[in-house]
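The values are calculated or read from the model by the stated rules, or taken from the named source; none is laboratory data. These numbers come from a predicted model, not from an experiment. FYI the Cβ positions are ideal-geometry reconstructions off the backbone, even for glycines, and counts take in every protein chain you see. In case anyone asks, the SASA skips ligands and DNA or RNA and just uses the protein heavy atoms, side chains included. Shrake-Rupley method; radii C 1.70, N 1.55, O 1.52, S 1.80 Å.
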Amino acid sequence: MSLNNNTPSESANIGDKRPRANSSASDYGAAMDCPPAPKVQKIDEPDEAELDDSDGSDVVLEEVDPKNFTLIMNQAIVRYKSKLVTECAYPEPEDNDKFARQAWKAARDDLKLSPNYRITPAMMKKIQRTATSWRSNLKEVARAVVGPIFGRHSTKADNARLAQDLLANHTYIYLESEHAMPNEDRISLYENTLILAMIMRQWFSSKYTLGVRRAEDFGTRMPLGTIAFASTLICWAISEWLTGEFVGSTFGENDYQKINKYHKDRLTIMEKLSADAEMLLSTPNLFDARRKLWMSNEGSWSYSRH
């Protein structure tokens with residue numbers, strides 16, 4: 001089964017050949033360019049009734065009890081970051097506004113506070129401004145996950161060659177045993193163990209991380225947005241070794257938004273093809289990874305496949 005005849009005009013540093021997803025869904029096509037960003041809607045005119053909360057005008061920041069405001073805001077920010085991890089790390093403006101509204105409303109309702117505490121433009125911006133610093137704070141863990149693969153090589157030339165090979169055609173998403181294969185013969189999409197390691201270290205490494213605090217947002221199957229973002233972080237961390245030695249770089253939105261979209265589009269296509277063929281997705285170890293009990297303060301985790 002194959003996808004429609006969609007062809008990319010740019011490849012986001014991806015090869016021209018299209019790898020196979022699996023034996024019954026071998027041609028899912030390459031990801032398309034990011035669509036033009038939609039016009040930003042006015043923040044004070046929500047397009048969904050359930051997000052607008054309703055009748056009457058918004059309560060201005062000064063009229064909200066300071067203690068309640070802090071409680072709602074802190075919980076809303078956690079919920080907002082969870083949406084970035086599970087749905088889309090780089091949302092379009094319209095979706096970004098929606099994420100912030102949903103996060104605020106859910107936090108307020110959880111705290112059983114007055115429905116008159118509705119989100120204002122200032123509150124929305126405060127929530128959304130946390131995204132950039134939050135993404136940047138994930139860098140150290142990403143480096144810790146990816147860095148060791150370069151430590152096996154003794155020369156700069158070897159490290160540089162490895163980084164180049166991994167980034168070519170996004171080889172880093174495949175099992176190491178398929179890295180030397182022609183791109184069109186690879187079938188282990190998103191099965192590289194680095195992806196699972198990135199997810200577990202970033203969001204399930206302690207009882208304070210998002211995957212544990214907001215386990216219900218991740219559901220019983222790992223969200224596509226989470227796998228896409230983990231893959232994007234791996235891509236960035238590998239790029240820091242392109243010279244053959246570690247050279248720190250920023251994790252800029254402009255540079256990696258398109259890479260993240262590429263992975264999310266690819267995973268969405270895989271999911272659709274797998275559902276159409278009544279098959280499991282090709283990465284059950286990721287999609288069916290179930291968070292188990294937090295075992296100790298040292299960070300011991302176990303998960304199982306179901």
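Observations, loosely collected:
- With respect to (1) more than 22 Å from A103 (Cα to Cα); (2) assigned to a helix (DSSP H, G or I); (3) in contact with a strand residue (DSSP E or B) (Cβ under 9 Å, 6 or more places away or on another chain); (4) not hydroxyl-bearing (S, T, Y), the lone exception for I187 is condition (2).
- Condition met for I119 (buried (at least 18 other Cβ atoms within 10 Å of the Cβ), hydrophobic (A, V, I, L, M, F, W, C) and more than 24 Å from the chain's Cα centre (by Cα)): yes
- Residues located in segment 130-141, provided they are in contact (Cβ under 8 Å) with a residue 24 or more places away in the chain and open to solvent by 60 Å² or more (accessible area, probe 1.4 Å): T132
- Among residues of segment 142-161, those that are hydrophobic (A, V, I, L, M, F, W, C) and open to solvent by 40 Å² or more (accessible area, probe 1.4 Å), counted: 2
- With respect to the conditions (1) within 21 Å of K264 (Cβ to Cβ); (2) more than 22 Å from the chain's Cα centre (by Cα); (3) charged (D, E, K, R), E191 falls short on a single one, namely (2).
So that you can scan it fast, the table gives a plain yes or no per residue for (1) under 24 Å from E87 (Cα atoms); (2) at pLDDT 90 or above:
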position	(1), (2)
K156	no, yes
E184	no, no
I187	no, no
Y190	yes, yes
R201	yes, yes
R214	yes, yes
D217	yes, yes
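- Looking only at segment 213-272, and only at residues there that are of a type in the set (K, R) and part of a loop (DSSP other than H, G, I, E, B), the one that is surrounded by the most Cβ atoms within 10 Å (Cβ to Cβ): R214
- Scoring T209 on the criteria (1) under 18 Å from S136 (Cβ atoms); (2) surrounded by 21 or more Cβ atoms within 10 Å (Cβ to Cβ) leaves a single failure, condition (2).
- If you go through segment 149-178 and pick out every residue that is part of a helix (DSSP H, G or I) and within 17 Å of L242 (Cβ to Cβ), you end up with 20.
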